[in-house]
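Here is the structure we will look at, set down as structure tokens.
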Amino acid sequence: MRFPRLIAAAPLGLALILTGCATPPQAESSASQPPTSAPTTASAPTTSASVPAPSTPAVDYKACMVADASGFADGSFNQTSHAGLLRAATELGIDTGEIQSPGEADYAASIQALVTADCDLITLVGFKHADAAQAAAVANPEVQFLLVDAMPATPLPNLKPLLFDPTGAAFLAGYLAAAQTQSGTVATFGAVKNADVVLFLNGFAGGVAHYNQAKGAQVTLLGWDAEKQDGQFIQSQMPFQDVAAGRTTAEALAAGGADIIFPVAGMAGTGALQVAQESGGQVSAIWVDSDGCLSNPNFCPAILTSVYKAMDVAVFDAISDAVAGKFLNTPYRGTLENQGVGLAPFHDFDDKVSPEVRNDLEAVRRGLIDGSITPPAAG
């Protein structure tokens with residue numbers, strides 16, 4: 001292990017937290033619902049004296065994490081990944097460190113601050129970190145890196161990608177939306193048009209189309225044209241963080257008749273939750289990346305379900321392997337079959353989803369796993 005050093009300050013005004021064992025995430029666990037954390041904040045430093053003792057004896061290992069501008073309480077991919085770090089601190093007895101990076105230009109400095117703080121392993125969340133992760137792994141071969149939801153340009157022995165294919169889970173969400181709509185119109189939109197977002201959009205569109213075919217229905221989908229591979233995206237300089245722009249996008253789709261909206265936009269998708277919550281029950285939402293009722297509990301009455309990616313479980317498992325000396329650079333791939341992705345519980349909508357729809361969803365899920373139903377590709 002590398003011996004700890006104190007650092008005076010993080011460069012470039014970065015928000016740095018170096019802690020002892022962190023508090024455990026508030027979570028629920030089941031076969032279909034991986035644990036996710038309640039909202040946390042990275043705005044104020046904490047010390048080991050302010051948190052409870054770990055459930056296992058402390059070990060000489062420090063795992064760290066970099067979040068993007070959305071922060072660790074984004075209700076989406078940063079927060080879900082962070083829950084895995086918190087769980088590792090509690091269950092493995094390790095030290096942790098974390099930084100919220102203000103922007104892409106600061107990623108390298110964020111990583112270097114954690115290297116300087118003697119982190120044994122650093123987790124980077126999201127495709128925007130891919131280049132910085134690659135460079136840092138080359139420059140620091142003694143440090144292990146996890147890259148969530150992105151593939152590095154070149155395989156490296158100390159860099160492990162944690163990848164997720166949400167297409168099948170989004171397909172289930174599209175089928176559910178088509179089955180539950182009262183207006184006959186559902187909608188989706190993305191933060192940006194990239195391969196990761198398009199996987200969700202195509203999956204959702206495929207689920208709607210499958211419902212229409214199976215049931216002889218004519219549910220309309222707004223916000224994404226699978227044939228043209230184009231649709232509605234947030235117009236903003238910070239499309240994953242701009243909640244107001246996400247709200248504007250959702251309002252336009254609701255005005256077009258959509259009563260169920262699936263935002264694939266990280267924290268900016270909270271704008272769609274606002275629209276749903278303020279609709280008086282006329283509009284509901286399907287959340288993305290985490291169980292929205294856990295990560296955004298105030299909006300739970302407006303959330304039909306969520307398409308989760310079990311990033312918290314993958315991060316925890318990878319850290320556990322690294323602590324045990326079993327770190328491998330082999331990519332992890334979360335799928336419907338291994339429950340790395342899936343649909344969250346219906347929570348407040350539980351009594352509104354009929355047994356017939358539940359049975360259909362299970363049949364579709366099995367079909368997606370055994371290949372008898374094929375979701376659309378990324379386009």
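Derivation of every value follows stated rules applied to the coordinates shown; laboratory data play no part. Here the structure is a predicted model, which means the values were calculated and not measured. Cβ: placed from backbone, ideal geometry, glycine included. Neighbour counts: every protein chain shown.
Taking a ≥ b ≥ c as the square roots of the eigenvalues of the alpha carbon gyration tensor, the stretch 207-328 is prolate, as a/c is not under 1.5 and a/b beats b/c. Extension gain, N298 to A135, is 54.7 nm, computed as 0.36 nm per intervening residue step minus the present C-alpha separation. Using the beta-carbon distance between Q213 and A255 and R0 = 25 Å, what value does 1/(1 + (r/R0)^6) give for FRET efficiency, to the nearest 0.05? Efficiency at R0 = 25 Å is approximately 0.35. Magnitude of the charge dipole for the stretch 198-301, about its Cα centre and with charges confined to Cβ atoms of Lys, Arg (+1) and Asp, Glu (-1), is about 140 debye. Averaging Cα coordinates gives a centre for the stretch 350-376 and one for the stretch 190-257; these two points are 21 Å apart. Applying the criteria of a DSSP loop state and at most 15 other Cβ atoms within 10 Å to the GluC sites (Glu not before Pro) of the stretch 96-162 yields E142. The alpha-carbon of K62 sits under 30 angstrom from the alpha-carbons of these lysines, leaving out residues fewer than 8 places away in its chain: K128, K160, K309, K326. Close amide H contacts of I373 (hydrogens built in the peptide plane, cut-off under 5 Å, sequence separation of 5 or more or a different chain): L368.
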